[in-house]
Amino acid sequence: VMVFYRFQQDPKDLWMPCPTVTAGTCLPRIGWSDGWTPAEVKYDWDPSQFDPKRSYETGVCVAYTAPMWYSRSGEALHDEMDPKRSLECVHPDQLRMESDPLPPVEVSFVVLRWANNECDPVHEGGGGWGRTGSNVSDPYMYTLFEQNVWPALGPTYEVITVFVRGGDDIAKVNADLVSTMCKGRHKVGLYFLWPTEMVDNGDSPGYVPHDKLLSLMVMLESNGIPTRFPHHSSLYRLLLSKDWMATMCLDPKMQAPATTKVPRALIANNHKRAANMAVESLAMLRATQGHEPRVSEPCGVAKLGFSWEAMDVRKWNGVDELSRHMRNLCDQANGTSGSVLVQDWVDFSCELRLFFIEPKAGWDSNAAAPLQLQPNKILYTRFQQMDEDACFRDFERMPREQCLHGCFNSDDPALTHAEEQACRIASYVLLWLRTESAEATAVQRLDFMVRRNGDGTAYVQLGEVTELGACFLGWPEGPEEVFGAVVRSCYWEPCGRKGCRCEQGYSWREEKLRVRNLAESLGLTKAYGDNAQRIGQANTRWSLEEMEAAEAAERAERAAKLREMAYNSTN
């Protein structure tokens, strides 16, 4: 038979067929982690005893017969030495007779990820990643492929996985070899690592030098494999570097805090002089933005680009503290940063996190302004305190009601004003992103620092333009919404084959329904839209009509809010 093998189906037993011995034993390890592979049925199977929920116990028992199987750690699977190890029970829907035609491979996913399961998923805590884990962890891979790609696409895809343990491994990846392994009509790249401005070291699983990763992305993109997670390499570089913070701060439409970049050489030669230069630059930039000079001593944050989870963000008060933080950031072990971003302080009480799924940015000629877009989700967060190293800690998520009473003095018009400003700025930012990439992004999260400024008014500043793969921040439906957009983006380029999902106007209704029903059956999410089903209530299944009605209601609500924002009326 032929079996559609899924690497993540049993996360405890991860093996894959490889093209050569060294591709399986040596780093970087490369193989087909998902896809059709030959096998033999080992025992008679009784369909009457099959339980779909226990397919790993009651499914068809097969032995895989591809000659070279290896684990992610390079261990060989030798059938003659341990026959039971090559056996697996699989769902009958994953089998075809060897003589039967196989479904065509629609999508080849080229996945780059960490070789061992050392990456901390960080499930728990206010700043935790929830059920998916962090985007370099095994739970993230499982959620993406087993709970989203597989139910959406069925056995019509393949995954070529490249396992690495650092920048040197990345530099050894042969982009031409990987490209020739792809059999799909659509070929896409997904990269689940954290690029940093640090040299390789064994203390930080999942972290790799950014130049090595971006170079490989460019090579695979040169072979016609566009990046679908996170972004095209040129846009990804811009977002990672955070250079946009400095280049955008003088555009009043963006409402971004004054930011300057301090070259590392100036810090190395005289960090106190460099700090004074940074403060002087911020004062000029603040004046250009129309702000009054600070009466008290200057304050702000110093941060590094190519950094993750606020690890390299330091609050400073005064020149002396700024000089110390800049020197410490540059003197970190293994650091290779070329500059430090110094940003003016923003007084804010909380943050608004806006998620946009497949946003349609554009220009409204009648209004002479960007099309006003509504986010698919707004989340409300705040940092409770800072530690002794001036790092932000004790991250807290909260519902809108708590944000309203705890951060906005129960002033609903003021919070609404903050949300409206954030949506307006976001519409500019999403349009601006098209300057770096002619193709729109599948998902974008934008973060805003906000505070109540008076009765019915709010002060808003753009805080972050995140990359795809940012934390879901407790949004229950977030993984299905975001990963669904990623899967659909894999079909953005037309292949010309009639009936393919890439055809213009394809609805994706069936695929969305299968993913949503699986999530509901596993008790993973609340209901979508305003139909408030709670976590754990797994007895509700969505029909196409119910799903379409919920989506139509959400679209109508967003359109009404948009009209109200644009015209300040309901007419």
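The values are calculated or read from the model by the stated rules, or taken from the named source; none is laboratory data. From a predicted model like this one, the values you see are computed outputs, not experimental measurements. Every residue, glycine among them, receives a Cβ derived from its backbone with ideal geometry; neighbour counts consider all protein chains shown. Side chains included, ligands, DNA and RNA excluded: accessible areas come from the protein's heavy atoms. Shrake-Rupley method; radii C 1.70, N 1.55, O 1.52, S 1.80 Å.
Just read off the accessible area of residue 383 with the full protein assembly in place, 1.4 Å probe, to the nearest 10 Å².
Accessible area, nearest 10 Å²: 70 Å².
With no solvent and one equal point scatterer per Cα, compute the Debye intensity ratio I(q)/I(0) for the range 1-85 at 0.16, 0.21, 0.26 Å⁻¹ and report its log10, rounded to two decimals.
With one equal scatterer per Cα and no solvent, log10 I(q)/I(0) is -0.66, -1.06, -1.43.
What number results when the radius of gyration of the range 373-504, computed over Cα atoms, is divided by 2.2 N^0.38 Å?
Working it through for the range 373-504, the quotient is 1.29.
Using the Kirkwood formula on the Cα atoms of the range 165-205, what hydrodynamic radius do you get, in angstrom to one decimal? Walk me through the numbers on the way to the answer.
Details: mean 1/r = 0.0798 Å⁻¹.
In the range 165-205 this quantity evaluates to 12.5 Å.
Stretch residue 65-residue 410 to full length: gain in nm at 0.36 nm per residue minus the Cα-Cα span?
Net length gain for the segment: 117.6 nm.
Of 313, 95, 193, which is farthest along the charge dipole of the chain in the positive direction, counting Lys and Arg as +1 and Asp and Glu as -1 at C-beta?
Sorting the options by dipole projection puts first 313.
Report the calculated FRET efficiency for residue 168 and residue 268 (r = Cβ-Cβ distance, R0 = 35 Å), to the nearest 0.05.
The formula returns an efficiency of 0.85 here.
If you place +1 on the Cβ of every Lys and Arg, -1 on the Cβ of every Asp and Glu, and leave all else neutral, what size is the dipole of the range 1-73 about its Cα centre, to the nearest 20 Debye?
Value, rounded to 20: 320 debye.
Semi-axes of the equivalent ellipsoid for the range 30-73, please: Cα gyration tensor eigenvalues, times 5, square-rooted, ordered largest first, whole Å.
The answer is 25, 13, 8 Å, longest axis first.
Per 10 Å bin, what is the whole-percent P(r) computed from every C-alpha pair distance within the chain?
3, 15, 26, 26, 17, 9, 3, 1, 0
With a 1.4 Å probe and all protein chains left in place, how much accessible area per residue does the range 1-119 have, in Å²?
Normalised by residue count, the accessible surface of the range 1-119 is 49 Å².
If I model a spin label as a point 7 Å beyond the Cα along the Cα-Cβ vector, how far apart are those points for residue 42 and residue 26 in nm?
3.2
Eigenvalues of the Cα gyration tensor times 5, then square-rooted: what semi-axes does that give for the range 1-152, in whole angstrom, largest first?
Over the Cα atoms of the range 1-152, the ellipsoid semi-axes are 27, 20, 15 Å.
Per Stokes-Einstein, at 4 °C and 1.567 mPa s, what whole-number D in µm² s⁻¹ belongs to the range 400-464, with the Kirkwood radius over Cα pairs as the hydrodynamic radius?
Values: Rh = 12.8 Å.
The estimated diffusion coefficient comes to 101 µm²/s.
So, by mean Cβ neighbours within 10 angstrom, what's the order for 197-207, 113-123 with the highest one leading? Write down the numbers at each step before the final one.
Working: 197-207: 15.6, 113-123: 17.2.
Result, highest mean Cβ count within 10 Å first: 113-123, 197-207.
Please calculate how many Å² of accessible area the range 150-267 carries per residue, with a 1.4 Å probe and no DNA, RNA or ligand atoms counted.
That works out to 34 Å² per residue.
If each Cα of the range 206-314 is one equal point scatterer, what is log10 of I(q)/I(0) from the Debye formula at q = 0.09, 0.21, 0.23 Å⁻¹?
-0.34, -1.19, -1.30
Report the extension gain between residue 310 and residue 436 in nm, rounded to one decimal, defined as 0.36 nm multiplied by the number of residues separating them, less their alpha carbon distance.
So the chain would gain 42.9 nm between residue 310 and residue 436.
What does the highest-first list of 288-297, 103-112 look like by mean Cβ count within 10 Å?
Per-residue Cβ counts within 10 Å, averaged per peptide and sorted highest first, yield 103-112, 288-297.
Along the Cα→Cβ direction, 7 angstrom out, place labels at residue 328 and residue 360. What is the inter-label distance in nm?
For the pair residue 328/residue 360, the computed spacing is 4.9 nm.
Rg and Dmax of the range 61-124, using alpha carbons, in Å: what are they?
Looking at the range 61-124, its Cα Rg and Dmax stand at 16.2, 48 Å.
In vacuo Debye scattering of the range 293-387, one point per C-alpha: log10 I(q)/I(0) at q = 0.13, 0.16, 0.24 Å⁻¹?
Log10 of I(q)/I(0), two decimals: -0.70, -0.88, -1.21.
Give the residue from 41, 359, 288 lying farthest towards the positive end of the charge dipole for the chain; charges sit on Cβ (+1 for Lys and Arg, -1 for Asp and Glu) and the dipole is referred to the Cα centre.
Towards the positive end, the residue furthest out is 288.
Quick one, can you get me the convex hull of the C-alpha atoms of the range 145-272 expressed as volume per residue in Å³?
Measuring per residue, one finds 180 Å³ for the Cα hull of the range 145-272.
Set the bar at 19 Å for Cα to Cα. Now go through 187/212; 261/315; 315/377; 42/84; 172/212 and name every pair that lies beyond it.
As for pairs spanning more than 19 Å Cα to Cα, those are 187/212; 315/377.
On full extension of the chain, what length is gained from residue 457 through residue 10, given 0.36 nm per residue of separation minus the C-alpha to C-alpha distance? Walk me through the numbers before you get to the answer.
Details: separation 447, 0.36 × 447 = 160.92 nm, distance 5.24 nm.
That pair, residue 457 and residue 10, stretches by 155.7 nm at full extension.
Is it possible to state the helix-based mean residue ellipticity at 222 nm for the chain, with each DSSP H run of 4+ residues giving -39500 (n - 2.57), the sum divided by total residues, to the nearest 500 deg cm²/dmol? What is it?
-9500 deg cm²/dmol
Describe numerically, in nm with one decimal, the distance between label points set 7 Å from Cα along Cα→Cβ at residue 183 and at residue 498.
Here the answer is 2.5 nm between the modelled labels.
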